[in-house]
Amino acid sequence: MGAMTMEEKKLSSDAHQWMYERYIKDDPEAHAFLKEVKVQADLAGQIYSIRNRLHMTREDLAEFSGLSPEIIEDLEESDYGGDWDEAIEKINSAFHQWFQKVILPAAQMNR
């Protein structure tokens, strides 16, 4: 699929604005839900990006976090139904451990 034309982008933007105005704007619950979905989508992208920059597989991240590879996949796809705060805490800890136990020793070997 190619890049969107300016006309397609405007149509998409107009559709999003119409949907927001009609269904979300005056509904606090829908607004809160939309905000939560946005936060989760942003976190999902960050997990994927950091994992790849650290050259970790999903299995590596699962091993260091205590989560399953399937949960890592669900988090990266923003499709996780569990406690996001708890999972993110485990993911952050896993990234730190990976850096301390894998990246730093490898860097020190190359000196």
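The values are calculated or read from the model by the stated rules, or taken from the named source; none is laboratory data. Model, not experiment: these values are computed from the prediction. When we count neighbours, we look across all protein chains shown, and the Cβ atoms used for this are built from the backbone with ideal geometry, even at glycine. These area figures cover heavy atoms from the full protein model, side chains too; ligands, DNA and RNA do not enter into them. Shrake-Rupley method; radii C 1.70, N 1.55, O 1.52, S 1.80 Å.
If the condition is being more than 24 Å from Glu36 (Cα to Cα) and of a type in the set (Asp, Glu), then the range 55-111 contributes Glu59, Asp60, Glu63. Only one entry of Ile72, Ile88, Ile103, Ile50 meets the criterion of being open to solvent by less than 40 Å² (accessible area, probe 1.4 Å) and farther than 30 Å from Lys25 by Cβ, and that entry is Ile72. Within the range 78-101, the set of residues being under 11 Å from the mean Cα position of the chain (by Cα) and in a loop (DSSP other than H, G, I, E, B) comprises Ser78, Asp79, Tyr80. A search for C-beta distances below 8 Å between a residue of the range 64-92 that is small (Gly, Ala, Ser) and any residue that is modelled with pLDDT of 95 or more and open to solvent by 60 Å² or more (accessible area, probe 1.4 Å), counting only pairs 6+ apart in sequence or on different chains, returns Ser65/Lys90; Gly66/Lys90.
Of the helices (runs of 4 or more DSSP H) lying entirely inside the range 17-77, not one contains at least 2 residues that are aromatic (Phe, Trp, Tyr) and in contact with a Phe, Trp or Tyr (Cβ under 8 Å, 6 or more places away or on another chain).
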